[in-house]
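Visitor: Take a look at this one; I'll ask things after.
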Amino acid sequence: MKITSARIIVCSPGRNFVTLKIETDEGLTGIGDATLNGRELSVASYLQDHVIPCLIGRDPHQIEDIWQYLYRGAYWRRGPITMTAIAAVDTALWDIKAKAAGLPLYQLLGGKSRTGVMVYGHANGSDIEHTVDEVLRYADMGYKAIRAQSGVPGIDKVYGVGRGTMFYEPADADLPSEHDWSTEKYLRHTPKLFAAIREKLGWDHHLLHDVHHRLTPIEAARLGKDLEPYRLFWMEDATPAENQEAFKLIRQHTTTPLAVGEIFNTIWDCKDLIENQLIDFIRTTVVHAGGISHLRRIADLAALYQVRTGSHGATDLSPVCMGAALHFDLWVPNFGIQEYMKHTDETDAVFPHAYTFKEGFMYPGDVPGHGVDVDETIAKKYPYQRAYLPVNRQQHDGTLWNW
Ligand code: EZ4
Ligand code: CO
């Protein structure tokens, strides 16, 4: 088999998505997600201008060789744009291989390790009462695990509280919108939120929380300690992870499990945190960490230290990534949980898919490949629209902070 063509489909059915489609001389095609939120066109150009010319004529079955060719061959290793582009190629090639075999992708990875994939949904509210109601609504929908984010009294706009209740979408403007921040107010508020949730919800559901890189290490340690009574499944991105030594300090102070990795793009970003047992869940994804081939390497390293997977799955990860992730999750032995935010109906129409949700679990389906397609005719109705993630500034003096 030979790759005869490859092309990029950019569309915006409510938000931007970049999709790579690879075609072969045997008529089999495969697709991969290449969406990098707020920097979409850089990846599209990287693929179009620098990767696609190298793919034509290659045997799509040689997934590993093509991966190494694109990673080593670029000379400039790693980074979100390179690794998202490689991920798109890798995902599309796994799709083709599985279709050629006539098997759902999880069978090629080693088959099912579980009956379904536990996912967590997002409960967002403007204040504690509203967030508690949202958590209960997610429990009613069947979710076994729920992430809770709440507005903070005295802070104008806070991460996790956005438009809509099923489709929270942070990339909200054609220039970055500005949020404000107060660590003191957040740290006072958040333990009260989880106390209120446990009181109404009880103890039969997993609860998660995303700090979104807002705290210094000692502040993160304090929040972890204050949340211990509510037995969180995890506290996510408690502090920025460029300096990974910071996690030692957090670890020394709290038994609240720690999750990191949605912005990581290779195993090298994960290595020290995993080997030093500073985290409990690794959140790298198919689309931002080099595809299924590379994510498998990260998961195998993590397994040595009882670190489990918890892949990022917000709405900027397209249904193509979601489908591939669910095959991966069904197989990966050290699976923890999968993030899931429902896409809009417009997005689902552009990306018809075999995966389903039932009672808090998801299933990738059994069609050959990863089970997600792209309807190019519908996609054409939604042209690219520039959109940015917000920035965050300290209240009072406007110091730029971590969003
Ligand atoms: O901010 O996907 O856990 N989920 C998150 C997301 C991220 C966006 C960034 O593109 O933190 O909401
Ligand atoms: Co996050």
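The values are calculated or read from the model by the stated rules, or taken from the named source; none is laboratory data. Note that this is a predicted model, so its numbers are computed, not measured. Heads up, the Cβs are rebuilt from the backbone with ideal geometry, glycines too, and the neighbour counts pull from every protein chain shown. Surface areas here come from the heavy atoms of the whole protein model, side chains and all, with no ligands, DNA or RNA. Shrake-Rupley method; radii C 1.70, N 1.55, O 1.52, S 1.80 Å.
Visitor: Just to verify a result, which residue in the range 18-41, among those that are farther than 17 Å from D90 by Cα and in contact with a strand residue (DSSP E or B) (Cβ under 6 Å, 6 or more places away or on another chain), is surrounded by the fewest Cβ atoms within 10 Å (Cβ to Cβ)? Walk me through how you get there before you give the answer.
Guide: Step one: list which residues in the range 18-41 are farther than 17 Å from D90 by Cα, which gives 25-27, 37-41.
Still in the running and in contact with a strand residue (DSSP E or B) (Cβ under 6 Å, 6 or more places away or on another chain): 25, 38, 40.
On the way: D25: 12, G38: 16, E40: 24.
Residue satisfying both the conditions and the ranking: D25.
Visitor: Inside the range 271-300, can you point out the residues that are more than 15 Å from the chain's Cα centre (by Cα) and within 16 Å of ligand 2 (Cβ to nearest atom)?
Guide: L273, I279, D280
Visitor: From the list P333, P383, P364, P352, pick out the single residue that is farther than 28 Å from D180 by Cα and crowded, with 19+ Cβ neighbours inside 10 Å. Can you show your working first?
Guide: Values: P333 fails: crowded, with 19+ Cβ neighbours inside 10 Å; P383 fails: crowded, with 19+ Cβ neighbours inside 10 Å; P352 fails: crowded, with 19+ Cβ neighbours inside 10 Å.
Sole residue among the options that is farther than 28 Å from D180 by Cα and crowded, with 19+ Cβ neighbours inside 10 Å: P364.
Visitor: Quick one: F167 ticks every box in (1) touching a His at 6+ places or on another chain (Cβ under 8 Å); (2) over 21 Å from Y138 (Cβ atoms); (3) open to solvent by 50 Å² or more (accessible area, probe 1.4 Å); (4) of a type outside the set (S, T, N, Q) bar one, so which box is it?
Guide: F167 satisfies every listed condition except (2).
Visitor: On the basis of being open to solvent by 10 Å² or more (accessible area, probe 1.4 Å) and touching a residue at least 60 places away in the same chain (Cβ under 8 Å), does R308 make the cut? Walk me through it before giving the result.
Guide: On the way: open to solvent by 10 Å² or more (accessible area, probe 1.4 Å): yes; touching a residue at least 60 places away in the same chain (Cβ under 8 Å): no.
So R308 does not fit the description; no.
Visitor: Now, a different point. Is it the case that the range 309-316 has a residue that's outside any loop (DSSP other than H, G, I, E, B), closer than 22 Å to A34 by Cα and among the charged types (D, E, K, R)? Explain how you work it out, then say what you get.
Guide: Taking the range 309-316 and keeping what is outside any loop (DSSP other than H, G, I, E, B), we get 309-311.
From what is left, the residues that are closer than 22 Å to A34 by Cα are 309-311.
Now restrict to residues that are among the charged types (D, E, K, R): none.
Scanning the range 309-316 turns up no residue that is outside any loop (DSSP other than H, G, I, E, B), closer than 22 Å to A34 by Cα and among the charged types (D, E, K, R).
Visitor: With the checklist (1) open to solvent by less than 60 Å² (accessible area, probe 1.4 Å); (2) not in a helix (DSSP H, G or I) in hand, flag the one item Q68 doesn't pass.
Guide: Every listed condition holds for Q68 apart from (2).
Visitor: Something else now. Cβ contacts < 8 Å: first residue in a helix (DSSP H, G or I), restricted to the range 317-341; second residue within 14 Å of ligand 2 (Cβ to nearest atom) and of a type in the set (S, T, Y), any location; separation 6+ or different chain. Result?
Guide: C321/T285; M322/Y340; A325/T285; A325/S311; F328/S311; D329/S311
Visitor: T315: open to solvent by less than 50 Å² (accessible area, probe 1.4 Å), assigned by TED's automatic domain parsing to the domain that holds R114 and within 16 Å of ligand 2 (Cβ to nearest atom), yes or no? Working first, answer last.
Guide: Details: open to solvent by less than 50 Å² (accessible area, probe 1.4 Å): yes; assigned by TED's automatic domain parsing to the domain that holds R114: yes; within 16 Å of ligand 2 (Cβ to nearest atom): yes.
In short, yes.
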